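Here's the structure, in structure tokens; my notes come after.
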């Protein structure tokens, strides 16, 4: 029953039938890197009767009056691409969904106007050279212009310290109840710093073979998986204009 409820919510999200926006809680005068702030709203507790919950974001960077935000939790489980075809960040279905259905569902028009259009770098410098560990060299494709995006491997490593061996709790993340109802698998053997079961999450960089994408494993390590895998969780990222009034 919970999966059917979640499926109905996802359909309504895609159709834009559930607008219900929370007031933003960001003070440009006091915001600092490492803060957790609220901005926008999304279904998270899988209880449709109480509406959407405010989205919590980790402040990864602040520069020139703007802040880079990454969702604190995995908000849903979704494939990087909707088919088994080869894809890049530019052509994947997840990018299209984030900048249309998610953008319009999670943020009011005023909030959307505070989200900056960003040139998203897909160059080789943003990815990992999988040939070092037996994988293929796969192009990241063309740069894009997006309001909502995923972190690249280079960004995830810079801000969260994603290693390629060992383990790291800093880069682990858990999934919301809604994401779990949508099919996100959580690993009870791997825990986040605050004690929750961790789950693999998508990065935008290419994986080590065609039709795959990079991600961060339950252990907090760099990994990759087939782009069609629907059980990986999504952590949106965005640059927010701190000088824009969203209240």
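Where a number appears in this text, it was derived from the coordinates with a stated rule and is not lab data. For clarity, every value in this text was computed on a predicted model and none was experimentally measured. Positions of Cβ are generated from backbone atoms using ideal geometry, with glycine treated the same way; all protein chains shown enter the neighbour counts.
Residues of segment 111-136 falling in the label zone of residue 86, defined by backbone nitrogen less than 15 Å from a point 7 Å along Cα to beta-carbon, are 136. Of all DSSP bridge pairs formed entirely within the chain, close to 95 percent run antiparallel.
With 10 angstrom as the radius, rank 204, 235 by how many other C-beta atoms surround their C-beta, starting from the fewest. Could you put the intermediate results ahead of the total?
Working: 204 31, 235 22.
Final ranking by Cβ density, sparse to dense: 235, 204.
Indicate the gyration tensor shape class of segment 33-113 (rounded, prolate or oblate), computed on the Cα atoms with a ≥ b ≥ c the square roots of the eigenvalues: a/c under 1.5 is rounded; otherwise a/b larger than b/c is prolate and the rest oblate. Here segment 33-113 falls in the oblate category.
In this rough spin-label picture, where each label sits 7 Å from Cα along the Cβ direction, the residue 124-residue 56 distance is 4.0 nm. Among 42, 185, a tally of other beta-carbon atoms within 10 Å of each Cβ gives an order, fewest to most, of 185, 42.
Most exposed first by the Cβ proxy, i.e. fewest other Cβ within 10 Å, how do 200, 190 rank?
Details: 200 27, 190 19.
By the 10 Å Cβ count, ascending, the order reads 190, 200.
Under the classification rounded if a/c is under 1.5, otherwise prolate if a/b is larger than b/c and oblate if not, where does segment 61-105 fall, given a ≥ b ≥ c as square roots of the Cα gyration tensor eigenvalues? Prolate is the answer for segment 61-105, as a/c is 1.5 or above and a/b outweighs b/c. Once you reduce segment 66-120 and segment 175-220 to the center of their Cα atoms, the two points are 17 Å from each other. Relative contact order of the chain, taken over Cα pairs closer than 8 Å and 6 or more residues apart, is 25 percent. In the calculated pair-distance distribution of the chain, the portion above 33 angstrom amounts to 12 percent of the Cα-Cα pairs. Taken over segment 94-225, the alpha-carbon convex hull comes to 128 cubic angstrom per residue.
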